[in-house]
1. Within segment 267-315, track down each residue that is open to solvent by 30 Å² or more (accessible area, probe 1.4 Å) and touching a strand residue (DSSP E or B) at 6+ places or on another chain (Cβ under 7 Å).
2. Let me confirm something: among V532, V525, which residue is under 24 Å from L291 (Cα atoms) and either open to solvent by 20 Å² or more (accessible area, probe 1.4 Å) or part of a loop (DSSP other than H, G, I, E, B) (or both)?
3. Return yes when E264 is on the phi < 0 side of the Ramachandran plot and part of a helix (DSSP H, G or I) and no when it is not.
4. What is the number of the single condition among (1) within 16 Å of the ligand (Cβ to nearest atom); (2) within 17 Å of the chain's Cα centre (by Cα) that Y101 does not meet?
5. Residues being assigned to a loop (DSSP other than H, G, I, E, B) and either closer than 12 Å to L399 by Cα or within 16 Å of the ligand (Cβ to nearest atom) (or both): count how many of those fall in segment 146-162.
6. Can you work out which of the residues in segment 359-372 that are more than 10 Å from the ligand (Cβ to nearest atom) and in contact (Cβ under 8 Å) with a residue 60 or more places away in the chain is nearest to G197 (Cα to Cα)?
7. Could you tell me which residue of segment 45-62 is farthest from the ligand (Cβ to nearest atom), considering only residues that are open to solvent by 30 Å² or more (accessible area, probe 1.4 Å) and over 18 Å from the mean Cα position of the chain (by Cα)?
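The values are calculated or read from the model by the stated rules, or taken from the named source; none is laboratory data. Remember, it's a predicted structure, so these values are computed and weren't measured experimentally. No Cβ is skipped: glycine too gets one built from the backbone with ideal geometry, and neighbour counts run over all protein chains shown. When the accessible area is computed, the model is the full protein with side chains, heavy atoms only, and any ligands, DNA or RNA have been set aside. Shrake-Rupley method; radii C 1.70, N 1.55, O 1.52, S 1.80 Å.
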Amino acid sequence: MSEARQGSTAQGLGAAGPLDAVIVGAGFAGLYMLHRLRGLGLSARVFEAGADVGGTWYWNRYPGARCDVESMQYSFSFSEDLQQDWRWTERFAGQPEILAYANHVADRFDLRRNIQFGTRVVSASFDEAAQLWRIETDRGDRVSAAFCIMATGCLSAGRVPEIAGMGEFRGPSYHTGQWPHEGVDFAGQRVGVIGTGSSAIQSIPVIAEQAAHVTVFQRTPNFSVPARNGPLPPEYERDWKASYAERRSRARTLKSGIIYNFGETSALAVSAEEREREYQARWEAGGISLLSAYTDLALDKEANDTAAEFVRQQIRSIVRDPAVAEALLPTSHPIGTKRICVDTGYFETFNRPNVTLVDLRASPITRVTPGGIATRDAEYAVDSIVYATGFDAMTGSLLKVNPRGRGGLALAQKWAEGPRSYLGLMTAGFPNLFTITGPGSPSVLSNMIVSIEQHVDWIADCLAYLRAHGVACMEATPEAEDAWVAHGNEVAHRTLYPQANSWYMGANIEGKPRVFMPYIGGVGVYRETCDVVAASGYEGFRLTRRQQAAAAE
Ligand code: N01
């Protein structure tokens with residue numbers, strides 16, 4: 001950090017000189033990052049494209065949007081007062097409540113004064129001579145900062161497929177991730193929903209209650225388990241709050257950062273009857289703990305098949321029309337290797353007279369017509385279309401910012417064959433650029449808030465270290481990055497995950513390289529690795545002191 005910036009206090013939006021840091025995004029990652037930087041006395045400005053805080057929970061307002069990590073766990077742990085004061089009303093919080101929580105955090109820690117809303121960062125370039133990031137926004141802002149911290153989210157760049165005739169459709173079209181803030185009234189309408197991922201599986205039952213008819217266009221049947229959501233029992237809340245610190249510490253050591261009831265044996269080590277009982281109990285309890293029933297469900301196809309077949313049996317028993325049930329059975333991937341969905345009445349919805357399932361494997365969509373959606377065999381009249389077609393996950397929102405590192409190298413070019421990073425925190429050739437929950441870190445395979453807090457704390461502690469040691473520039477070495485990428489691939493390929501055409505693999509975007517993007521080694525192991533790296537004086541990173549940087553100019 002330059003002398004001018006040293007000791008600077010948190011500057012407001014009118015800051016003239018270079019800032020210590022620009023943070024891109026005011027979701028949970030950006031909010032906590034700002035809080036930590038202010039605590040260090042660093043100057044920071046957050047740019048946020050939305051009109052308010054919340055990130056993914058600001059944009060994803062589709063009917064039924066809800067978190068599938070329990071509320072008591074999907075929340076910040078950094079402030080004991082905050083976690084004691086805030087009261088969740090449901091076991092799994094809905095989007096409005098999570099957004100209210102994000103707003104509460106912003107107000108409680110007085111964060112808004114350093115956030116510029118309604119502003120999208122359109123470029124971020126590293127100026128090697130000045131050792132500064134030069135940031136430009138769509139509103140004409142040009143600011144400089146020593147550090148650029150990407151808090152852009154993993155599932156923020158919505159993706160609508162290109163289907164012939166889309167522009168000719170007479171009615172309104174919506175993407176689940178860009179839902180109108182005023183809501184949509186589907187009463188009396190014929191609605192077409194394209195997709196059967198988490199967003200679709202949550203929204204279809206709610207839309208079906210309102211609309212005259214819903215036609216679901218399914219390309220790949222998905223595994224889903226019931227949420228069994230309900231009001232949060234006061235004694236459950238009290239119990240958690242009485243030992244929050246202890247539980248949070250435990251969560252940080254686990255694979256997913258979420259406390260479940262973990263099985264301790266192989267699925268194949270027990271009898272079929274015992275397995276059935278175990279799966280049934282977890283199915284009744286709700287949530288994704290089904291996947292934690294045995295130790296090898298993500299590792300061994302035969303073990304995985306037992307859980308997959310259990311869920312298929314449930315679908316057969318719920319859906320009354322055998323042909324519809326058959327079409328809903330997921331068979332193309334091991335259970336859990338695409339993000340498992342958590343629903344409220346999804347399969348039951350297909351028993352409603354106003355819901356039709358269209359199996360696109362039998363007859364793909366050929367075009368959108370002015371009055372509906374045509375497949376190879378039929379045309380379905382609809383008044384509005386919901387694209388529940390997902391995101392350019394993990395890299396999409398980072399690349400939208402168009403970061404350019406040393407020699408003007410674009411991140412998009414560097415990552416042309418797939419994302420490469422060291423610890424999912426930095427990428428070689430892009431000094432002083434941090435990615436919160438970036439590719440190469442556990443991120444989407446974990447409780448996002450646990451992973452966000454871990455990254456933010458690591459980055460904040462790192463910036464404090466750099467300041468204390470007079471370091472102007474920090475960069476991942478290519479060797480450390482190569483080793484981390486190789487390790488990430490090796491760990492991923494020990495599991496069944498790469499067998500699925502998932503967004504984890506970039507498989508949902510045409511032309512996107514097929515690389516398993518998140519780090520699957522687990523939150524606990526990963527945290528230890530990051531801590532060891534920090535304790536060693538940031539092994540694998542090149543740190544350049546202020547004098548050295550000046551001499552190199
Ligand atoms: O997106 P998705 P999502 N024609 O990519 C289909 C998180 N999340 O928004 O599988 C026809 O999963 C596509 O079909 P296929 C969670 O991590 C969490 O639902 O590619 N269909 C698929 O069915 C989740 O995994 C929560 O064959 C097309 C669907 O669209 C992630 O966000 C809630 C198509 C896309 O599914 C993304 O979920 C919501 C085409 N041309 C989301 N193109 C919770 O916390 C795509 N599809 C509960």
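1. I288 - this is the single residue of segment 267-315 that is open to solvent by 30 Å² or more (accessible area, probe 1.4 Å) and touching a strand residue (DSSP E or B) at 6+ places or on another chain (Cβ under 7 Å).
2. V525
3. Details: on the phi < 0 side of the Ramachandran plot: yes; part of a helix (DSSP H, G or I): no.
The answer is no for E264.
4. Answer for Y101: the failing condition is (2).
5. Counting residues in segment 146-162 that are assigned to a loop (DSSP other than H, G, I, E, B) and either closer than 12 Å to L399 by Cα or within 16 Å of the ligand (Cβ to nearest atom) (or both) gives 10.
6. In the first step, residues of segment 359-372 are kept if they are more than 10 Å from the ligand (Cβ to nearest atom); the result is 359, 362-363, 366-372.
From what is left, the residues that are in contact (Cβ under 8 Å) with a residue 60 or more places away in the chain are 359, 366-372.
Values: D359: 14, T366: 21, R367: 21, V368: 20, T369: 24, P370: 26, G371: 25, G372: 21 Å.
Ranking the qualifying residues of segment 359-372, first place goes to D359.
7. Here the residue is A51.
For (1) assigned by TED's automatic domain parsing to the domain that holds N447; (2) of a type in the set (D, E, K, R); (3) under 17 Å from A227 (Cα atoms), each residue gets a yes or a no:
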residue	(1), (2), (3)
E273	no, yes, no
Y279	no, no, yes
G286	no, no, yes
L290	no, no, yes
L297	no, no, no
D300	no, yes, no
N304	no, no, no
E309	no, yes, no
